[in-house]
Amino acid sequence: MALLQCLRHDSAAYGLMERVAWPDGPVCPHCGARDRVRRLGGSTGPGTWKCYDCRRIFSLRSRTGFHASHLPLHVSLQAVYLLAASRAEFSATALAKVLGVSLRTACQLKQRARDMMPWLAQQLAASPPGPREIAAWAQPAPWQDPPQRAQPGWACERRFERFMDALAEWRQAQPDAAFLLLLKALSSPPQEVAAAPPALADVGLGEDDTLQLELDFGAGAMAGHVPPDGLSRLGAQLPA
Ligand SMILES: [Zn+2]
């Protein structure tokens with residue numbers, strides 16, 4: 001499966017993000033257990049897990065840069081890919097159109113991606129993931145189930161077509177590598193148990209603004225991370 005196919009629907013997107021965030025298999029964020037951790041099926045949606053040691057439920061998103069996003073994960077990943085492949089040159093208007101997000105959200109996304117570009121350029125020059133590593137990321141890990149035969153809805157398929165069309169116009173080098181580097185940065189678990197990210201009310205955000213934060217790479221969620229330089233600034237850019 002090509003890496004881009006992982007951005008087609010949520011089940012595949014969670015599969016990819018789980019591999020990136022948990023290279024050695026799932027870890028309970030509450031108690032650190034690894035062995036008695038199982039994926040929940042049924043109506044819980046992709047990406048929901050239960051730890052049978054502490055009996056708590058967790059989602060991969062809960063400790064990543066996507067924490068604050070209300071968008072389906074595959075849409076968030078499509079945004080990251082477009083911005084990575086275009087080195088944040090993709091226009092906000094087009095981003096809003098292609099992905100069906102608000103223009104304001106698209107502008108914020110683009111700005112945040114721009115802030116990460118110096119770091120990304122440095123990483124691409126220093127240690128870019130090679131073709132074999134990229135191919136490996138596109139396949140299920142040994143601890144993952146084979147991908148389900150998902151049947152994305154019409155709107156989902158149309159969005160993916162728009163995404164692929166938009167992507168065809170960007171021919172920057174190493175799009176997969178750039179995407180994976182950004183995804184790794186956004187998926188990294190906290191390096192230490194840090195203070196909880198500030199509640200939105202604490203940073204003076206109204207309900208309306210909360211919506212605009214839906215796809216901002218979860219700046220609030222990044223607050224407890226020890227990210228690379230470009231990322232650390234994101235937390236400080238929450239609108240006051
Ligand atoms: Zn646990």
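Any read-out appearing in this document is the output of simple, stated calculations on the displayed coordinates, not a laboratory observation. Bear in mind that the values here come from a model prediction, so they are computed numbers and not experimental data. Glycine also receives a Cβ, built like all others from the backbone with ideal geometry; neighbour counts cover every protein chain displayed.
A few remarks follow.
- Inter-label distance for residue 44 and residue 93, nm, one decimal - labels placed 7 Å from Cα along Cα-to-Cβ: 4.5
- The alpha carbon centroids of segment 96-122 and segment 10-71 are separated by 25 Å.
- Per residue, the convex hull spanned by the alpha carbons of segment 1-102 comes to 118 Å³.
- Here is the tail figure for segment 1-45: Cα pairs spaced more than 12 Å apart come to 68 percent of all pairs.
- Estimated at 0.36 nm per residue, the fully extended path between residue 135 and residue 5 surpasses their Cα-Cα distance by 45.6 nm.
- Projected area, mean over directions - segment 53-133, Cα convex hull, nm²: 7.5
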